[in-house]
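The values are calculated or read from the model by the stated rules, or taken from the named source; none is laboratory data. Keep in mind that what you see is a predicted model, and the values were worked out from it rather than measured. FYI the Cβ positions are ideal-geometry reconstructions off the backbone, even for glycines, and counts take in every protein chain you see.
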Amino acid sequence: MTLLLIGLLVFSLIHLLPSVPPLHRAVKAKLGDKAYRGVFSLLSLASLALVIWGFIIAPADSFREPATWARHLTLALMPLVFILLASNGTKTPLRRFIPHPMTTGVMLWGLLHYLANGETRSAWLFGTFALLSALQLLSRLWRPKGPTPVYSQRALITTVVAGLVAYVVLLLAHPFLFGVSPLYG
């Protein structure tokens, strides 16, 4: 469990750095933009590798029995999560209502999976990602907003189709990738 927790801590800290603009600017100024991006990327990958390896080797002990409704709710709302993830970086009309779709999608993914799982390691993994995303969304309330983009209906259709296709692919691959079938328990 230690590797999982260390990985989650490092991943969270580096992803919270932009939430503290003075510190973020100081680090960027010290390293330079390209070096900052490189270090950020390397630390992100290394900490994600620690999270994955730590999760794999952590004991699969249960601390609670998840409610059946939570599994059904997760299954029902995951298509929305994938649509939100697919809309990141696009100019879909969704952004009028959800300015940060990827962060919102990750928060929803973490919360839903936290509710649907009863393992301690899953609680740490999904709970951390849900909390980190919520903190990032809150911090963005105080950051300056950029110009309003021109939205595209075509981008919306492409995003919805891409999100739903990705959802179906991962739903079918879930048992092979993660050892759990969302459809059959």
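Structure data summary
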| quantity | calculated |
| --- | --- |
| Residue in the range 19-31 that is buried (at least 17 other Cβ atoms within 10 Å of the Cβ), at pLDDT below 90, out of contact with any Cys (no Cβ under 8 Å at 6 or more places or on another chain) and of a type outside the set (Lys, Arg) present | yes |
| Qualifying residue in the range 72-87 (condition: over 15 Å from the mean Cα position of the chain (by Cα) and crowded, with 16+ Cβ neighbours inside 10 Å) | no |
| Hits in the range 141-185 - residues which are at pLDDT 80 or above and of a type in the set (Lys, Arg) | Arg154 |
| Every residue from the range 29-59 that is more than 22 Å from the chain's Cα centre (by Cα) and on the phi < 0 side of the Ramachandran plot | Ala29, Lys30, Leu31, Asp33, Lys34, Ala35, Pro59 |
| Qualifying positions in the range 98-114 - surrounded by fewer than 19 Cβ atoms within 10 Å (Cβ to Cβ) and either touching a residue at least 40 places away in the same chain (Cβ under 8 Å) or within 18 Å of Trp69 (Cβ to Cβ) (or both) | Pro99, His100 |
| The range 21-38 residues that are closer than 26 Å to Leu141 by Cα, paired with ones that are not in a helix (DSSP H, G or I) (beta carbon under 9 Å, 6 or more apart) | Pro21/Trp142; Pro21/Arg143 |
| Selection status of Leu43, closer than 19 Å to Gln136 by Cα, not assigned by TED's automatic domain parsing to the domain that holds Thr158 and not small (Gly, Ala, Ser) | yes |
| Some residue of the range 176-185 being buried (at least 16 other Cβ atoms within 10 Å of the Cβ) and either touching a residue at least 24 places away in the same chain (Cβ under 8 Å) or of a type in the set (Asp, Glu) (or both) | yes |
